[in-house]
Amino acid sequence: MPPLLFYLLALITLGFGLMVVTGRNPVTCALSLAGSFTGLAALFLSLDAYFIGIIQILVYAGAVMVLFLFIIMLLDIKHEEGKKLNVAPIVSGILVAVLVVAQICAVVASSKITGKNAQNTPLQMTEAAGKLERASLATINHDLKEGTLPDVKLIGFTLFDQYGFHLQVIGLLLLVGTVGVVVLSKRERSGAP
C-alpha cells in the first residue's frame, strides 16, 4: 500500500471520528461514525485483513449504525444547545490521553513486538483447541500444514468455542436496549399533550 493512500485513509477515519465527538446534531454524529467505520474498514483491507474489513462494513457500518439511527430517530432527539466550556475536564482529558499514549509507547519499546511479523512468528493453536478432537479441527490443521492462515476459520472457532456465552450476552443486551428505547419512546409520546 502506498504511504500516501494510508495517510489519506487514516485522515478520513480520524476526521469523521472528530466529527462524531464535536457534532451537535445526533443524526450527523451517527452518519459521521458510519464514515469513520468505513475508513477503518478500508485500512483493514489495505492490510490484507479482508475478513475483518468486510465484517467492519457489514456489522458496524451496516447493522449497528442502522440500529443507532433507528434509536435516534425513534427518540426524536433535538439539536444540542451550546454549553459553556469547563476547563478542568478538558485539561484532565488531555492529560489522561497523553499518559495513555506514553504508557503504550513505553510498553511497545520494552517489548519485542516490533520484530514479529507473519513470516517469523508461527501460528499455534491454543490449549483448549488441543483438548478437542482433532477430527473437528481437520480443515484448520490442514491449512496450517499448508502454511496458509485460515483467519475466518480460526475467528469462527475462537468466537463460538471460547466466547459463545459472551456473544449471547451481548445480543441480549442489544435487545434489551432496543426494547427499552421503544418503551421510553411510547411513554413520552403518550404523556405529551
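The values are calculated or read from the model by the stated rules, or taken from the named source; none is laboratory data. Note that the coordinates shown come from a computational prediction; the quantities given were computed from them, not determined experimentally. Cβ atoms come from the backbone with ideal geometry, glycine included; neighbour counts cover every protein chain shown. With ligands, DNA and RNA removed, areas are computed over all heavy atoms of the protein, side chains included. Shrake-Rupley method; radii C 1.70, N 1.55, O 1.52, S 1.80 Å.
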Query raised in the report: Out of the range 5-20, which residues are hydroxyl-bearing (Ser, Thr, Tyr) and closer than 18 Å to ALA61 by Cβ?
Result: THR13
Requested in this report: Could you give me the residue pairs with C-beta distances under 6 Å whose first residue belongs to the range 156-182 and is under 27 Å from ILE72 (Cβ atoms), whose second residue is at pLDDT 85 or above wherever it lies, and which are 6+ apart or on separate chains?
Outcome: none
**Report entry** Matching residues, the range 29-52, being hydroxyl-bearing (Ser, Thr, Tyr) and closer than 18 Å to MET19 by Cβ
**Finding:** SER32, SER36, THR38
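Listed here are the residues, each with its yes/no results for (1) of a type outside the set (Lys, Arg); (2) surrounded by 10 or more Cβ atoms within 10 Å (Cβ to Cβ); (3) modelled with pLDDT under 85.
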position: LEU74; (1), (2), (3): yes, yes, yes
position: ILE77; (1), (2), (3): yes, yes, yes
position: LEU85; (1), (2), (3): yes, no, yes
position: ALA88; (1), (2), (3): yes, no, no
position: VAL91; (1), (2), (3): yes, yes, no
position: GLN103; (1), (2), (3): yes, yes, no
position: VAL108; (1), (2), (3): yes, yes, yes
position: THR126; (1), (2), (3): yes, yes, yes
Query - Single condition SER185 does not satisfy, out of (1) at pLDDT below 75; (2) within 16 Å of ILE72 (Cα to Cα); (3) open to solvent by 60 Å² or more (accessible area, probe 1.4 Å) - result: (3)
Report task. Within the range 38-53, identify whether any single residue is within 28 Å of LEU184 (Cβ to Cβ), free of Cβ contacts under 8 Å to residues at least 60 places away in the same chain, open to solvent by less than 90 Å² (accessible area, probe 1.4 Å) and over 16 Å from the mean Cα position of the chain (by Cα), and answer yes or no. Result -> no
